[in-house]
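Trainee: Dropping the structure in here first, questions after.
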Amino acid sequence: GVEPLVVAAWRLGVAALVLLPFALRWAGQELRTLGRRDFGLITLSAALLALHFAAWIQSLDLTSQASSVVLVSTIPVWVALAAPWTIGERISWSTGFGVLLAMGGATMITLASIDADTGRPDPLLGNVLALVGAWGYAGYLIVGRRLRQRLSLLAYVTPTYGIAAVLFLVALFVFGDDPLPPTSAGLGWCVLLALLPQLVGHSTLNWALAR
C-alpha cells in the first residue's frame, strides 16, 4: 500500500542516514576534498539510481512480478553492451553469445506476459518500465565503476544514496504526494528494504566495482 516514489525515498534515505556517521568517521577527509568533477559524477550516479527505482518499482504494479524481475535483471547485458564505449572493456565471443541468449529469453518472457491474461493493469508499460529500470541501473554501475577506482566505498555510496533520496523527496513535493507510508507496516517494510537490499545488497555490488 505504499506508493513507488515513497518506497524509493525511504529505502535510499534511511540507508544514507545509517551510513552517514560511518562516512564522516572513516571517509570524512575524502568527502571534504571531493572535486567538482567527482561530485558531478556522484550526482549523475544518484540520478541514474533514482531512475532505476522510479521505473522498476512502478513496473511491479503494472506487469507480472516474473516479467518485471526478469527484465530488470538484464542489467549485466546492458553493462556488457555499453562497456566498449564507456569503460574500454571488450566483449568476448562467449559474453556476446550470453548476451544474445539473455535477450532472447527476456523477449520471450515479455511477449508471453503481454499475451497472457495476468490480471495486471498494463503489462506492456510495466515491461517497458522494467527495462528502463535496467538501463538506469546499468548506467549507475558504469559511472560507479569509474568513481570506485579512486573513492572508498563509504565516500561513494553515502552521498549517492543521499542525493537520490533528495531527488525523490523533491519529486514527492512537486507531485503533492505524502512522503510518509500510510501504515506502520508499510514503514517497517521500507526500513527493512533500506537495511537489507540497499545497505547489504547494493553496497556489496558497489564494493565489487573497485575490483
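The values are calculated or read from the model by the stated rules, or taken from the named source; none is laboratory data. Treat the numbers as computed from the prediction; the structure is a model and nothing was measured. Backbone-built Cβ (ideal geometry, glycine too); neighbour counts: all protein chains shown. Accessible surface is based on the protein model in full, side chains and every heavy atom, while ligands, DNA and RNA are left aside. Shrake-Rupley method; radii C 1.70, N 1.55, O 1.52, S 1.80 Å.
Trainee: Answer rounded, prolate or oblate for segment 64-169, using the Cα gyration tensor with square roots of eigenvalues a ≥ b ≥ c: rounded when a/c is under 1.5, else prolate when a/b is larger than b/c, else oblate.
Mentor: Verdict is oblate for segment 64-169.
Trainee: A follow-up question, please. Shape of segment 12-115 from its Cα gyration tensor (a ≥ b ≥ c, root eigenvalues): rounded if a/c is under 1.5, otherwise prolate when a/b > b/c, or oblate?
Mentor: Because a/c hits 1.5 or more and a/b fails to exceed b/c, segment 12-115 counts as oblate.
Trainee: Right, next: Ignoring ligands, DNA and RNA, what percent of the accessible area of the chain is carbon or sulfur (1.4 Å)?
Mentor: Heavy-atom surface of the chain belonging to carbon and sulfur, 1.4 Å probe: 70 percent.
Trainee: Given charges of +1 on the Cβ of Lys and Arg and -1 on the Cβ of Asp and Glu, with all other atoms neutral, how large is the dipole of the chain about its Cα centre, in debye to the nearest 20?
Mentor: Around 1080 debye, computed over the chain.
Trainee: Name all residues of segment 45-81 having a backbone nitrogen under 16 Å from the label point set 7 Å from the Cα of Arg150 along its Cα→Cβ direction, giving them as ranges.
Mentor: 45
Trainee: Return one whole number: the accessible area per residue of segment 131-211 in Å², for a 1.4 Å probe.
Mentor: On a per-residue basis, 49 Å².
Trainee: Nearest 500 deg cm²/dmol is fine: what mean residue ellipticity at 222 nm does the chain get from its DSSP H runs of n ≥ 4 alone, each adding -39,500 (n - 2.57), divided by its residue count?
Mentor: -26000 deg cm²/dmol
Trainee: Placing +1 on the Cβ of each Lys and Arg and -1 on the Cβ of each Asp and Glu in the chain, which of Val191, Leu209, Pro121 has its Cα farthest towards the positive end of the resulting dipole?
Mentor: Of the candidates, Leu209 comes out farthest on the positive side.
Trainee: Using a 1.4 Å probe, what is the accessible area per residue for segment 15-68, in Å²?
Mentor: Computed with neighbouring chains in place, this is 54 Å² per residue.
Trainee: Within segment 11-27, whose backbone N sits under 19 Å from a point 7 Å along Cα→Cβ of Leu187?
Mentor: Answer for segment 11-27: 11-18.
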